[in-house]
Every structure is written in structure tokens, then in C-alpha cells.
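Below: the structure, in C-alpha cells.
A short reminder: the numbers here are calculations on the coordinates, not readings from a lab. These numbers were taken from a predicted model, which means no experiment stands behind them. Neighbour counts run over all protein chains shown; Cβ positions are idealised from the backbone, glycine included.
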Amino acid sequence: MPPPPPPPGDSGTAGMTSGTSMPTPQGQVQVNSGPAAPKPAGPAPDFATLSGGKGSITPTQASAYPLLANDFQYADSNRDGKISKAEYTKWVAHSGAGTP
């Protein structure tokens with residue numbers, strides 16, 4: 001049985017975090033796995049936009065910016081169920097969301 005062809009140059013496997021070779025009846029197969037690349041989210045919107053002009057951001061309002069929605073519990077540092085302007089500013093600074 002001929003050996004398997006070499007893998008193509010860059011077929012989207014760059015940045016994979018783990019991999020292993022597995023024997024198969026057709027020859028060795030390289031299996032790679034890793035997290036999907038994050039979707040670009042752009043810079044964080046300003047507080048007034050997300051809060052709708054109110055004094056805090058609710059979970060529903062946070063869903064307009066997926067990175068914040070994902071980090072809502074982290075951003076809500078006092079665990080009151082909403083994100084104040086100070087909490088949002090701190091989250092933007094620490095998350096890197098403020099950079100394009």
C-alpha cells in the first residue's frame with residue numbers, strides 16, 4: 001500500500017493546539033484539533049450605546065456585543081446582575097475589547 005500523500009501547505013490548520021497520528025488501513029492519518037478562531041467583534045461600543053442611556057447594562061443589552069455577553073459575569077464584578085459604567089470601563093481595559 002502506498003504511503004499517504006503529504007498534507008497540503010496551509011489548509012486552515014495553522015494555530016491548532018493539539019494533534020496525533022493514527023494508523024488506519026489506508027496509512028497514517030494526522031488528526032488535529034483546537035479551538036475555532038474567534039469571530040471579529042470590532043472595538044467595544046461606548047457605554048451609553050449599550051446601556052440605552054441608562055446607568056447600567058443588563059444581560060439583554062449586553063447581548064448586542066457578544067464579547068461582553070460572554071464575559072457578563074466577569075464584568076459584573078459586584079454580582080448585582082447589571083454592569084455599571086465603572087465596571088464596563090474596567091472590563092474594556094482588561095479584556096482588550098477596546099482595541100480594534
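Restricting attention to the stretch 31-42, the residues that are surrounded by 12 or more Cβ atoms within 10 Å (Cβ to Cβ) and either in a strand (DSSP E or B) or touching a residue at least 40 places away in the same chain (Cβ under 8 Å) (or both) add up to 2. Among the residues making up the stretch 55-98, those that are surrounded by 13 or more Cβ atoms within 10 Å (Cβ to Cβ) and of a type in the set (K, R) are K82, K85, K90.
Here P45 clears all of (1) surrounded by fewer than 11 Cβ atoms within 10 Å (Cβ to Cβ); (2) without any contact (Cβ under 8 Å) to a residue 24 or more places away in the chain except the condition numbered (1). Of the residues making up the stretch 54-80, those that are touching a Leu at 6+ places or on another chain (Cβ under 8 Å) and either in contact (Cβ under 8 Å) with a residue 40 or more places away in the chain or hydrophobic (A, V, I, L, M, F, W, C) (or both) are I57, A62, A64, L68, A75. In the stretch 58-79, is there at least one residue being assigned to a strand (DSSP E or B), among the hydrophobic types (A, V, I, L, M, F, W, C) and on the phi < 0 side of the Ramachandran plot? No, the stretch 58-79 contains no residue that is assigned to a strand (DSSP E or B), among the hydrophobic types (A, V, I, L, M, F, W, C) and on the phi < 0 side of the Ramachandran plot.
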